[in-house]
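Remarks on the structure that follows.
Each reported figure results from applying straightforward, stated rules to the coordinates on display, with no laboratory input. Since we're looking at a predicted model, the values are computed, not measured. Here the Cβ positions follow ideal geometry from the backbone for every residue, glycine too, while neighbour counts run over all protein chains shown.
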Amino acid sequence: MMGLAFAGLMNFGAYWWSDKIVLRMYGAQEVTEVEAPDLYAIVRNLAHQAGIPMPKVYVIPEEAPNAFATGETRSMQPWP
């Protein structure tokens, strides 16, 4: 029963806070449009084409190129 309760708590936490956990794990820093105008233009264009709201944009201070998406899909509308 303890294992089942622990698994339930872990799943609840992963569902609600997994995006924040991953961003903190990698030391991601939110950037503004003034700080990264080219990156914002790319993300805005992609979001517009997909018909979704503009997401927050984060940068991971890392030499290796990397890109991933994380976040909540609970509030997003399905794609057309």
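Taking the longest Cα principal axis of the chain as reference, the axis of helix 2-25 is set at about 20 degrees.
Each of Arg44, Arg24 has some number of other Cβ atoms within 10 Å of its Cβ, and from fewest to most they run Arg24, Arg44.
Extension gain, Met1 to Arg44: 0.36 nm times the residue separation minus the Cα-Cα distance gives 10.8 nm. Entry note, the chain: the mean residue ellipticity at 222 nm calculated from DSSP H runs of n ≥ 4, each adding -39500 (n - 2.57), is -16000 deg cm²/dmol after division by the residues and rounding to the nearest 500.
Taking the Cα atoms only, what angle lies between the long axis of helix 37-50 and the longest principal axis of the chain, rounded to 10 degrees? Rounded to the nearest ten degrees, it is 70.
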